[in-house]
Structures are given as structure tokens and as C-alpha cells.
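The values are calculated or read from the model by the stated rules, or taken from the named source; none is laboratory data. Since the structure is predicted, the reported quantities are computational estimates derived from the model, not experimental observations. Counting neighbours? That spans all protein chains shown, and the Cβs are built from the backbone with ideal geometry, glycine included. To get the accessible areas, we keep the full protein, side chains included, count just its heavy atoms, and leave off ligands, DNA and RNA. Shrake-Rupley method; radii C 1.70, N 1.55, O 1.52, S 1.80 Å.
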Amino acid sequence: MVRMESLDILVRQVLPQVLPCPRGMVLDALQAVAKHFCEQAAVWRERLEETGLQGEADIPLSLPTGSRLVMILGVWLDGNRLLPDDYRAEGNSLCLRTVLPRECSVVVDAALCPSRLSERLPEQLIEAWGDVLAYGALARLKAMSGQHVTWTDAAGAQMALEQYNEGVARARIRAMSR
């Protein structure tokens, strides 16, 4: 089971740099950035074990609470690896090209992302990539403008965005080398 950690730990890192920005806006920025980061870098990986029933072609995947399927990285039926043309992801389900001839074990290696409103991420992601997520949130928040937005900082937003984009690239390279 994946140990989840609250985004509050990152709110405490970001909020002082954008005061008087409301805490809720900081959390919202972190939620959006966490989703984008995981979609782009595919760093949240899980091995999901399901049971496929005879006659099934669509197998709903039991994902961790607050997560969504980004992509399927591999599928095994009773220990035999399927070719990528034999399946596809649809929503949070595995869709096989043909129906199962019998009940069998289904193992799916999947890349996940948090749902848009999730306030939790796997602890290892926050540990490894928390600073990158903070840079992404800072870029979003410092780029805001408006009559009551006093934390706008175009230069700071640009610097934070560059740090975020570099972090996404590093994470993508690390994930592909797994």
C-alpha cells in the first residue's frame, strides 16, 4: 500500500513566498501542478493486481483513492505479458482487444496522477519532487494579476517556471530509465 502525504507540507513552503495570497489558492495551485507534473513525467507508478472474469474485455482498475490513470505501461495475464496492441486504457479501466476465455489474474503496471482536487500524494513523490512542485505552484501564483493580487512577481514567476520545467524534464528522464 502506498503511503500518502498531505500537500500541506508544500503549502507551508510556498505560502510565505506569496503572502498575502490565501492558503486555499496556494493549495489549489499545488493540486493543479501535482496533476500536471505526474501526467507529464509519469513518476507515480503502481503495480495493480486484478482478477479478470471469463467473458470480460473491460477491467476496472482499483486505483489508490484520489488518483487517476495516466497510462498503462505493461499488462500480464496469468504471468504472460501482452503486446501493447492487445490493450488500451479507457478512463480508469483496462480494455482488452479480446474477451477473456477464462478467469485469470491480471497485473497492470500503471502511471498515475492525482485527481484535480486531491490533497494527498505518495510520500516518495513529495520527498523526491516536492521542491519542483513548489516551483510550479510559485510560477502559477506569481504570474497572477488583478486588482487585489499583490503577490504578482513576473520575474519571480519566470524563474520558478524555469525551475519547474527543468524538474519535469529530469523526472521524465528518470522515469523513462526505470
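Being assigned to a helix (DSSP H, G or I), open to solvent by 10 Å² or more (accessible area, probe 1.4 Å) and modelled with pLDDT under 95 is the requirement here; does Arg174 meet it? Answer is yes for this residue. Here Glu127 meets the list (1) exposed (fewer than 15 other Cβ atoms within 10 Å of the Cβ); (2) in contact with a strand residue (DSSP E or B) (Cβ under 6 Å, 6 or more places away or on another chain); (3) among the acidic types (Asp, Glu) almost entirely, failing just condition (2). Against the list (1) surrounded by 15 or more Cβ atoms within 10 Å (Cβ to Cβ); (2) under 12 Å from the mean Cα position of the chain (by Cα), the condition Gly52 fails is (2).
Within the range 152-165, work out how many residues are among the charged types (D, E, K, R) and surrounded by 13 or more Cβ atoms within 10 Å (Cβ to Cβ). Adding up the residues that qualify gives 1.
One residue stands out in the range 1-36 among those that are of a type in the set (Val, Ile, Thr) and over 14 Å from the mean Cα position of the chain (by Cα): the one that is surrounded by the most Cβ atoms within 10 Å (Cβ to Cβ), namely Val26. Look at Thr98 and say whether it is open to solvent by 40 Å² or more (accessible area, probe 1.4 Å), within 30 Å of Glu123 (Cβ to Cβ) and either at pLDDT below 95 or assigned to a strand (DSSP E or B) (or both). Answer is no for this residue. Scanning the range 2-25 for residues that are without any contact (Cβ under 8 Å) to a residue 24 or more places away in the chain and part of a loop (DSSP other than H, G, I, E, B) yields a total of 1.
Taken together, Val149, Val168, Val107 contain a single residue that is assigned to a strand (DSSP E or B) and either among the aliphatic types (A, V, I, L, M) or open to solvent by 30 Å² or more (accessible area, probe 1.4 Å) (or both), which is Val107.
When the range 43-65 is filtered for residues that are free of Cβ contacts under 8 Å to residues at least 60 places away in the same chain and either part of a strand (DSSP E or B) or at positive phi (or both), the ones remaining, listed by number, are Glu49, Glu50, Thr51, Gly52, Gly55, Asp58, Ile59, Pro60.
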